Amino acid sequence: MKIARFFHENNETYGFVKGDKVATKNEITYQTGVPIPQGIKDFLFDGWYDEIKDQLHTLPYKENISKFKFLSPIPNPNKIICLAFNYVDHAKEQNLTSSDDPAIIFKPRTSLIGTESDIICPNFVTQLDYEVELALIIGKNCKNINEEQAKDAIFGYMILNDVSARDIQFKDKQFTRGKSFDTFAPSGPWITTADEIEDPQNLKLITKINGEIRQNSSTSKMFIKIPEIVSKLSKVMTLEKGDIISTGTPAGVMLNKPNAVFLKNGDIIEMEIEKLGNLKNTIKFVS
């Protein structure tokens, strides 16, 4: 199932996506007779989605997808955790070696935006970069879990662009500020539930800038695989329902490249992960 959060008729709501059609929250309530809650996090993680799952095949998808403005699927997550150098090819292009344990960065929730929204960047940033990443959504609170339990803790997957100001990174000699600007975590376009993704370690990832392919890789190139990521993080911190874990980016970013072409005003970033849809955003520099 593909579950999205969006604006429709001047209201924030959510629903299911199938092809180019949408079943809205109101339609889901009407068809199932279940008064599902107003907020998507309550719906996904407090039992309501499980309650209506068996009725989903009866839903009509009446609305055209073009009527909706898509938002980041998860509002106000407690944590957005991003892994660094978790792809062998990306680490190699930086003359680094991937770590056996997750090297992590936190992004603030104010960095989240949806597809088709602008990435707003202050003019003082001079080296703006992109990173296509497979992100997973935690579906249950968990602590000290093993890898088998970790698989069961994942609700679904989406695309996340870990936008990064490289000049800020180099100045600070650490990553957090350069990745924490508002709008620096486009995500979506929706959550695809884990049961629809047979092998999350074999998905193609592509980034295009103004139509030119810059990243072309596969999640098979992750160094630490997804169940191990979740298990190891759970031994550091309690993972909570709705937490976002972004699993790292493959080769092809501009970081440390000779003659690097960083993002500029008006650039269009298109990211695709196999079976998860497309994420599209435009760069807007502001004073």
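The values are calculated or read from the model by the stated rules, or taken from the named source; none is laboratory data. Every value quoted in this text rests on a predicted model; they were computed, and no experiment measured them. Positions of Cβ are generated from backbone atoms using ideal geometry, with glycine treated the same way; all protein chains shown enter the neighbour counts.
Need pairs with beta-carbon distance below 9 Å; first residue outside the structural domain of Ile206 (by TED's automatic domain parsing) and within segment 121-136, second among the hydroxyl-bearing types (Ser, Thr, Tyr) and surrounded by fewer than 24 Cβ atoms within 10 Å (Cβ to Cβ); sequence gap 6+ or separate chains.
Every condition considered, no pair remains.
For Phe7, are the conditions met, namely being over 26 Å from Ile245 (Cβ atoms) and surrounded by fewer than 21 Cβ atoms within 10 Å (Cβ to Cβ)?
It is true that Phe7 is over 26 Å from Ile245 (Cβ atoms) and surrounded by fewer than 21 Cβ atoms within 10 Å (Cβ to Cβ).
Please go through segment 16-37 and pick out each residue that is in contact (Cβ under 8 Å) with a residue 24 or more places away in the chain and within 26 Å of Glu116 (Cβ to Cβ).
Scanning segment 16-37 gives Phe16, Val17, Lys18, Gly19, Asp20, Lys21, Val22, Ala23, Thr24, Glu27, Ile28.
Farther than 23 Å from Gln94 by Cα, polar (S, T, N, Q) and surrounded by 15 or more Cβ atoms within 10 Å (Cβ to Cβ): is that true of Ser217 in this structure?
On the way: farther than 23 Å from Gln94 by Cα: no; polar (S, T, N, Q): yes; surrounded by 15 or more Cβ atoms within 10 Å (Cβ to Cβ): yes.
No: the conditions fail for Ser217.
Run Asn95 past the list (1) crowded, with 16+ Cβ neighbours inside 10 Å; (2) of a type outside the set (Gly, Ala, Ser); (3) at positive phi and report the number of the one that doesn't hold.
The failed condition is (1).
Can you tell me which residue within segment 10-21, out of those that are assigned to a strand (DSSP E or B) and of a type outside the set (A, V, I, L, M), is surrounded by the fewest Cβ atoms within 10 Å (Cβ to Cβ)?
Once the filter is applied, the top-ranked residue is Asn11.
Has segment 190-212 got at least one residue that is touching a helix residue (DSSP H, G or I) at 6+ places or on another chain (Cβ under 7 Å), surrounded by 20 or more Cβ atoms within 10 Å (Cβ to Cβ) and within 24 Å of Lys284 (Cβ to Cβ)? Before you say what the answer is, go through the steps one by one.
If we filter segment 190-212 for residues that are touching a helix residue (DSSP H, G or I) at 6+ places or on another chain (Cβ under 7 Å), which is where we start, we get 200-203, 205.
Checking the rest, the ones that are also surrounded by 20 or more Cβ atoms within 10 Å (Cβ to Cβ) come to 200, 205.
If we keep only those that are within 24 Å of Lys284 (Cβ to Cβ) as well, we get none.
Among the residues of segment 190-212, not one is touching a helix residue (DSSP H, G or I) at 6+ places or on another chain (Cβ under 7 Å), surrounded by 20 or more Cβ atoms within 10 Å (Cβ to Cβ) and within 24 Å of Lys284 (Cβ to Cβ), which makes the answer no.
With the condition being loosely packed, with under 15 Cβ neighbours inside 10 Å and among the charged types (D, E, K, R), I'd like the helices (runs of 4 or more DSSP H) fully within segment 22-83 carrying at least 2 qualifying residues.
It comes to 48-52.
For segment 98-107, what are the residues that are touching a strand residue (DSSP E or B) at 6+ places or on another chain (Cβ under 7 Å) and either surrounded by 21 or more Cβ atoms within 10 Å (Cβ to Cβ) or in a loop (DSSP other than H, G, I, E, B) (or both)?
Residues satisfying the conditions are Pro102, Ala103, Lys107.
Residues checked against (1) more than 18 Å from the chain's Cα centre (by Cα); (2) under 17 Å from Phe184 (Cβ atoms); (3) at pLDDT below 95; (4) buried (at least 18 other Cβ atoms within 10 Å of the Cβ):
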| position | (1), (2), (3), (4) |
| --- | --- |
| Pro258 | yes, no, yes, no |
| Leu263 | yes, yes, no, yes |
| Asp267 | yes, yes, no, yes |
| Leu276 | no, no, no, yes |
| Ser287 | yes, no, yes, no |
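Of the conditions (1) closer than 21 Å to Val230 by Cα; (2) under 14 Å from the mean Cα position of the chain (by Cα); (3) not hydrophobic (A, V, I, L, M, F, W, C), Glu196 fails just one. Which one is it?
If we test Glu196 against (1) closer than 21 Å to Val230 by Cα; (2) under 14 Å from the mean Cα position of the chain (by Cα); (3) not hydrophobic (A, V, I, L, M, F, W, C), just (2) comes out false.
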